[in-house]
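The values are calculated or read from the model by the stated rules, or taken from the named source; none is laboratory data. Because the structure is predicted, anything quoted here is derived from the model rather than measured. We place every Cβ from the backbone using ideal geometry, glycine too, and count neighbours over all the protein chains shown. Side chains included, ligands, DNA and RNA excluded: accessible areas come from the protein's heavy atoms. Shrake-Rupley method; radii C 1.70, N 1.55, O 1.52, S 1.80 Å.
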Amino acid sequence: MSQSNQMKITALYCRLSQDDGLDGESNSIQNQKRILEQYAMDHRFPNPQFYVDDGYSGANFNRPDFQRMMADMEDGKIGVIITKDLSRLGRNQLHTGLYIEERFPQFGIRYIAINDNVDTENAESNDLMPFKNLFNEWFVRDTSRKIRAVQRAKAQRGERLGTRAPYGYKKDENTKGKLVVDEEAAAVVRRIFALCAAGNGPSQIVRILKSEQVLCPTMYAYERFGTKHMGLSLDKPYNWNSDTVASMLENELYLGNTINMRYSTKSYKDRRKVEHPREECMVIEGSHEAIIDRETWDIVQRVRQHKRRRTNMDEQNKYSGLVVCVDCGSTMVLHRTHTMSASYNHFTCRTYKKDGAEVCTAHYIRECILDEIVLEDLRRMTAMAREHTQEFAAYICDRQSAELKREIRRQELELSGMKKRESELEAIFKRLYEDSVLGRITTEQFQTLSASYAAEQEQLKTAIPRKERDVTKLKATVSGTDNFIAKAKRYTDIQELTPELLRLFIEKIVVHEKDVKWSKHAKQTVEIHYTDIGVVGAVDTTKSA
């Protein structure tokens, strides 16, 4: 061995993944170190230095100490790399072979895998290496398949797959896999939902929590249970962020539901998470005690659906996302005046403001007028529901039935048209193929025509099942009158409109254009769509003007 090689490092590389750990002491880091150290001593390799990755899969080469070893190799510091066997270097056949056969020789590295009798200085010892690498990769693939099968079986049994209790809950000491409410953190979760229902967005909620010095979830888990989470910063105990809050506000776990199989990876080689839509997940409702009631949840989801913006005067628009233009369907914008009385604050159509009178009209309505209309109608409807419960329920049910039948019929006609078009496209494809075979059209013409029809066909494949689900959902719809009556009996003295109250009772407010634009006394219709019962009747603004 030359003088220069005597000065270079002999890299003793150890790796252990969580799955390898199941094999016990034979693959432990301590055992690997003993074998490598003894081998280096027996064969008089100079300057031995350990590089250790504990808890890292062999399918991925993005491991901290492996990358450190590669950096030292590229800097010319390493002469020899030794591992216990080929699988310690990696379990990806392609990448492992690339390192051994290309990268290591490029930097003059001698590689030794002790138990597999591989030594790149001895060409004959490398004959079986590709087959051993292939087997090592098969092991990862087989392990991944088994883990997926176990996870799916647990999900089907209704067991929760998460390993850590989410913020607001803790693990049940008596029942494995069960969550129980952690009242201290649950109080913060309820406050976050209440703040959102009151019209605050995630960024505003974060500012409030920080000002009140509420411990963030990672810091709370560390102080309360001694567990460390990624992102824990002991120097920033109140380091809430808006993404965390937004995720909490959309997490059905707080409603008492467990959603399993929400994320997956594309393969054992690609560990990036893919999120699945809810209908493709395994949902277990009522799997644990809820922290948030259904009513608050629904209000928050409606608030989140129309993400709220502050006005120029930094005051919250309690109607944000609720007021809609009848003609173009866009939400209406609230303009607050800086120099005049608040009575001049008004809504105008967003499309009109953006694109002008050629597209839509202003649908101008003052905020104070809308307040009077909505408050009066809400009081009237809730009073009717409380004082004349049976008559109110009968009227709503009759009206809902008629509206529901019309909507179902409309949706069924659309579905029928989609299916008819799908059949037409199949016939068109057959004719195009025949024309191409018989030479009536060129191959280029066939490809051009079939491409556009294929795109339409793909759209229909997605749209038809969605429309079928919509029709099924409509047919399964039952009157929500009982829900409305129950809410009306709880809110017996409504004095003012709040964001929570609006979203509890109202789905949207549809504003019509005045019969004579910009006239103070012209008739203007407003339709209030109530949650659970829909539109009961239009309101004329001239009665409140």
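Here are the numbers for the structure shown:
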{"item": "Contacts under 7 angstrom Cβ, first residue in the range 203-230 being small (Gly, Ala, Ser), partner outside any helix (DSSP H, G or I), 6 or more apart", "result": "Ala221/Thr227; Ala221/His229"}
{"item": "Subset of the range 378-415 that is open to solvent by less than 100 Å² (accessible area, probe 1.4 Å) and under 33 Å from the mean Cα position of the chain (by Cα) - its residue that is farthest from Ile528 (Cα to Cα)", "result": "Leu415"}
{"item": "Residues (open to solvent by 20 Å² or more (accessible area, probe 1.4 Å) and in a helix (DSSP H, G or I)) located in the range 61-82", "result": "Pro64, Asp65, Gln67, Arg68, Ala71, Asp72, Glu74"}
{"item": "Qualifying residue in the range 324-342 (condition: open to solvent by 60 Å² or more (accessible area, probe 1.4 Å), at pLDDT below 80 and within 19 Å of the chain's Cα centre (by Cα))", "result": "no"}
{"item": "Positions within the range 343-353 being assigned to a loop (DSSP other than H, G, I, E, B) and loosely packed, with under 14 Cβ neighbours inside 10 Å, in sequence order", "result": "none"}
{"item": "Residue among Glu102, Glu74 that alone is free of Cβ contacts under 8 Å to residues at least 12 places away in the same chain and over 16 Å from Cys14 (Cα atoms)", "result": "Glu102"}
{"item": "Subset of the range 106-124 (residues that are assigned to a loop (DSSP other than H, G, I, E, B) and either in contact with a Cys (Cβ under 8 Å, 6 or more places away or on another chain) or of a type in the set (D, E, K, R) (or both))", "result": "Asp116, Glu121"}
{"item": "Unmet criterion (only one of (1) without any contact (Cβ under 8 Å) to a residue 60 or more places away in the chain; (2) open to solvent by 60 Å² or more (accessible area, probe 1.4 Å); (3) over 30 Å from Lys520 (Cβ atoms)) for Arg366", "result": "(3)"}
{"item": "Conditions (1) open to solvent by 50 Å² or more (accessible area, probe 1.4 Å); (2) among the acidic types (Asp, Glu); (3) more than 30 Å from Val535 (Cα to Cα); number of the one not met by Asp435", "result": "(1)"}
